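The values are calculated or read from the model by the stated rules, or taken from the named source; none is laboratory data. These numbers come from a predicted model, not from an experiment. Here the Cβ positions follow ideal geometry from the backbone for every residue, glycine too, while neighbour counts run over all protein chains shown.
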Amino acid sequence: MADPHSVKVMDLGSPVDTMTKLLAPIADAEWPRELEALRGGFASELNVYRVMAHHPALLQAWTSLRNHLTLCNTLSARWRELAILRTAWYIDSRYEWIHHAERGRAAGLTDPEIEAVGLCDLSSAFDGADTALLKTTDALLEGLGLTALQVDLAAEHMSAQQLLDLMATVGMYLTLGFVLKSFGTPLEERFEHS
């Protein structure tokens, strides 16, 4: 008879092969008619969105949030990319890290700064405002929210709108990380040797 107090640990392993194949990036020939307006844009350029295209209504709804956070965000491009890189590092998403290291450079981040995003001691590589942004990002990732003290500390360096945009950015990239890691979404060919 089994010990009633023992705990059975379930090995979840890697993504289920059937679902991984089912949710592979959609090829051009299978692109949903409902998403025709997104063909040739961001959604058809990136494999993560080609996976999301399996749910056209979700990808259409996602587009507004994605456009706000990438085009109209109240965070500077530098801060947006720092937050995304920190999120990619935290969730161990090679896909997002490679994409946003490139975008971070375009936003003015240096290679040493990009490398430092993965350090434990952020204050040695960044000024007070950048460190506050990265520590706020960490607090969101680790605590799934902010304490009143953390909100007050963030408010010393960012507006309420910036803080809300930071929360939405971290949340959006967590969701993309769920998709990438769950279905083994491959990098696009141009990044394969990165």
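Among the residues making up segment 140-149, those that are part of a helix (DSSP H, G or I) and modelled with pLDDT under 85 are A148, L149.
Among residues of segment 37-55 being more than 20 Å from the chain's Cα centre (by Cα) and either small (G, A, S) or at pLDDT 90 or above (or both), the one that is nearest to H100 (Cα to Cα) is G40. Can you find a residue that is over 19 Å from L187 (Cα atoms) and surrounded by fewer than 18 Cβ atoms within 10 Å (Cβ to Cβ) anywhere in segment 81-93? Checked against the condition, which is being over 19 Å from L187 (Cα atoms) and surrounded by fewer than 18 Cβ atoms within 10 Å (Cβ to Cβ), segment 81-93 yields no hits at all.
Among the conditions (1) touching a Lys or Arg at 6+ places or on another chain (Cβ under 6 Å); (2) crowded, with 19+ Cβ neighbours inside 10 Å, A107 misses just one, which is (2). When segment 126-156 is examined, which residues are found to be touching a helix residue (DSSP H, G or I) at 6+ places or on another chain (Cβ under 6 Å), of a type outside the set (S, T, Y) and closer than 29 Å to T63 by Cα? Passing the criteria: L133, L134, A139, L140, L141, L146, A154.
Restricting L187, L174 to those that are of a type in the set (A, V, I, L, M, F, W, C), surrounded by 12 or more Cβ atoms within 10 Å (Cβ to Cβ) and farther than 15 Å from I91 by Cβ reduces the list to L187.
The set of residues in segment 51-67 being out of contact with any Leu (no Cβ under 9 Å at 6 or more places or on another chain) and without any contact (Cβ under 8 Å) to a residue 40 or more places away in the chain consists of H55, A57, L58, A61, W62, S64, N67. Looking only at segment 48-77, residues that are among the small types (G, A, S), part of a helix (DSSP H, G or I) and under 20 Å from A88 (Cα atoms) come to 1 in all. Screening S124 against (1) loosely packed, with under 14 Cβ neighbours inside 10 Å; (2) under 21 Å from the mean Cα position of the chain (by Cα); (3) closer than 21 Å to A88 by Cα leaves a single unmet condition, (2).
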